[in-house]
Structure formats: C-alpha cells, structure tokens
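Everything on this sheet refers to the single structure shown next.
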Amino acid sequence: MGLFFNDYESAGSGISKNAPKKTGFKLFMDILFRKFWQLAILNLLYALFYMPLLLTLTAIRYIPDERVTLVVIALLFLTFAVTIGPATAGMTKVIRCYLIEKHTFVAHDFFKGFKANFKKATVIGFIDCVIALSAFAAINVYPALAVQLGSKLMYVPLVITYSFALVVLMMNYYIYLMLVATNLSLKNLIKNSFALAFVSMKNNIFTTLIAAGVLALLFPIFRFAMPLFMTILPFYPAAFLALIICFNSYPVIQKFVINPYYESIGQINPELTHFEDETDEETVCEDMGGKEQPIEKRKKGKGKRIS
C-alpha cells in the first residue's frame, strides 16, 4: 500500500477472515492511508460550498464601495449559510461509509447525502452560522464595552456566549452523523446531540484538542505562506478534520443511539463487524486469506516475443 506508488504486478498472502481487527490509532491510520486520495477528492467537493465564505472575506478587503460590499457580502454569506449544512451532511455520509467499511463512490454519495438531507441540514447549518456570527460579534463588542464602561461584568456575557458556542460545536460532532445514519426528526437530532455533548464530554474535549492542534499547525502556513495555504485548502484540511471528528464520535452514537435501537427490536446492529458467526454449519469453501503463497513480480528479462 502506498500513497503515490502502487505495485499491481505482485500479490501478497491475502487477509485472513479471522485476522485481528485494527482499533484505535492503527485503524485511523489505516483508513487515512487507504482513503487518502478519496479524502482529497471529497475535500475538493466540499470546498465548492465554503468558497462563498472565502469570497466574502475577499469582498470585504477589495471592494471599495461600502453599499456594494454589503450587498455582495449578504448574498455570498446567505449562499454559504444555506448550502454549507447539506454539504457537511454529504461529506459526513461518505466518511461514515469509510468507518463502517461500506463501499462508496465519493461524488455520488456526497451529492446523495446533500440532496437527501437538504432540509434538515440547511436548518442546522444556518443555526451554526448564526451562532458563529454571534461569537465573532461577542469577542469584538463585550471587551470594548468593558473598557468603555470600566466594568468587568461585561465579560460575563462573553463567557456565556462562548460556553454556549462550545456546546454547539460539540453537538456538531454528532448531529450530522445522526442525520445521515438515522431517520430521527430534527427535534430529536438536536435533543440527542445536546445530550451527547455532555454524556461524552471527555471524548468531546479530546476531539476538540486534536482538531485545534491540526488548525494550530496550519496557522503558520496561513500566516506566512498564503499561496501554499490556498493551494492546500481545497484538497485536504476539511476532510481530514471531518475524519478525526467522525472517527472519535461515531462509536459514541453507536453505543447510545444505534445499538439500543437494534436491541429494542431484538436484532444485532449490522454495522458491528467484530462479532463472529456462531453457527456450526459446515462451509463448502474455506477462506484462504492469509494462507496463500505470495506471488512475486515476474522478473523482466531478454527473450523472444511470441506473436
């Protein structure tokens, strides 16, 4: 297996059916390397929908007429607010397929997730944008008011605003995954994601710190090498962060949402692949994965060509 070079002329011994399952960091790295180029394509598709936000920032900087700037900003931001939720749902659908080892076509499943969850995802994405704007306004308004009024009490609403924004951020770790994996109503999606934000607080803090670390690594590139940053941006950061979040969060959804549902109807969650077939029936064919002799690449040599 390689990121850039693949050898199609030789074969190994195969993978045994009873081989131990990878877990934790090893499983994450396995998915990352196997799906490296698919994640790049997925990020490129997702970039089409956060492009209006980048254009908004460009309009603020380069359009001199304030009235024209306001109109352009309003249109671009509205486009972003309406489409970013469904786009996130589409990306989440593809990454969930990677996690449960379900075959997927990146573009097909991305747009399928986009269309199938458009209404609910639009509402979720719009709420996220409003809260993000509120957090941005709070950091600019309340400290200035505290200095102007000479009262540190103005920092209290700032802390409340950012505490609420942090809870909403953690809710986002779950709400899109549940959106693409279940048929829950929007009300129950919000309710369950709010509960999981607190029930799995330790896992959420870990996920947040990892994501913050990735963004911290990108910041110097953004600050001192903008052309390189703009080259990287369409191809990887968003999908990589989404993989981290989904990888850490989906087991929590399986534990508290999906598994209990199947238990209530007396079935086993089909997404779980760690259980073994307990039937004693004889099999006609035996799985030889891991037992076959490796096929080495044929050496190139001089010889006559048979036509």
Report the Stokes-Einstein translational diffusion coefficient (µm² s⁻¹, integer) for the stretch 109-236, Rh taken as the Kirkwood radius over Cα pairs, at 10 °C with viscosity 1.306 mPa s. 92
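Once the convex hull of the C-alpha atoms of the stretch 42-165 is built, how many Å³ does it hold per residue, rounded to a whole number?
Per-residue hull volume (Cα only) is 130 Å³.
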At 10 °C and 1.306 mPa s, the Stokes-Einstein diffusion coefficient in µm²/s for the stretch 235-274, with hydrodynamic radius from the Kirkwood sum on alpha carbon pairs, is 138
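Can you give the extra length, in nm with one decimal, that the chain gains between Tyr262 and Lys26 once fully stretched, where that is 0.36 nm per residue apart less the Cα-Cα distance?
That pair, Tyr262 and Lys26, stretches by 82.1 nm at full extension.
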Please give the length that would be gained between Ile205 and Lys115 if that part of the chain were fully extended, namely 0.36 nm times their separation in residues minus their C-alpha to C-alpha distance (nm, one decimal). 29.3 nm
Here the stretch 31-264 gives, from Cα atoms, an Rg and Dmax in Å of 18.9, 62
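Values in this text are rule-based calculations from the coordinates and carry no lab data. The structure displayed is predicted, hence computed values, not measured ones.
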